[in-house]
Every structure is written in C-alpha cells, then in structure tokens.
Amino acid sequence: MTRLRIIVEVRLNDEHGPRPIGIMTLGQALKLPDIPNLEFTHPEPAIAKLGQFVSKRELEEFAARGRTAAAATIKGIRNIPQTEEN
C-alpha cells in the first residue's frame with residue numbers, strides 16, 4: 001500500500017547562519033531531539049516554496065491538527081511509497 005508522505009528540509013540556524021542538515025519525512029523530523037536552533041521547511045508545499053521555516057514545536061502543532069490530509073491536496077507534494085526507512 002502506498003501512503004502519502006510529507007517531506008521537510010531540516011537546517012541548523014546558528015551564529016554561522018543557516019546550515020542544511022537533511023531532508024526527511026515529517027515523522028522522522030518529529031523524532032529528532034529538541035535542539036534549539038533546528039528549523040524545518042513548512043510542511044505545506046505551497047508555503048515551503050515561499051521559503052518559510054518553522055520550529056519543531058510548530059511542526060508538532062501542524063501534525064497534531066491533522067493537517068497532513070489537507071497538505072496532501074496542495075500542488076507540488078510528492079507521493080513517496082512507505083518503506084521501513086520512512
């Protein structure tokens with residue numbers, strides 16, 4: 001069965017400026033430890049394309065609201081098959 005996955009970019013924003021960490025699913029991003037300067041692209045692709053980054057707390061709020069279904073309808077989101085790594 002194929003499930004839709006939301007992908008976010010993770011970066012560390014410190015005194016050296018923003019440094020990319022990686023790209024991962026929303027679920028993987030939520031499992032990261034609480035590191036104060038981590039930022040994530042907005043989980044809704046239309047907003048992420050504008051360069052909007054959010055904190056882990058905001059990412060958790062997005063997931064708790066169940067917005068993943070709404071985000072799936074926005075143009076630009078990718079269908080990624082579910083695997084053990086996701």
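Taken together, the values in this text are just the output of simple stated rules run on the coordinates, not laboratory data. Quick caveat, the model's predicted, so the values are computed rather than measured. Using ideal geometry, Cβ is built from the backbone for each residue, glycine included, and neighbour counts are taken over all protein chains shown.
Only one entry in Phe53, Phe40 is closer than 17 Å to Arg65 by Cβ and in contact with a strand residue (DSSP E or B) (Cβ under 6 Å, 6 or more places away or on another chain), namely Phe40.
Residues in the stretch 43-58 that are surrounded by 16 or more Cβ atoms within 10 Å (Cβ to Cβ) and assigned to a helix (DSSP H, G or I): Pro45, Ala48, Lys56. If I go through the stretch 30-54 residue by residue, how many of them are within 19 Å of Gly17 (Cβ to Cβ) and in contact (Cβ under 8 Å) with a residue 40 or more places away in the chain? The qualifying residues number 1.
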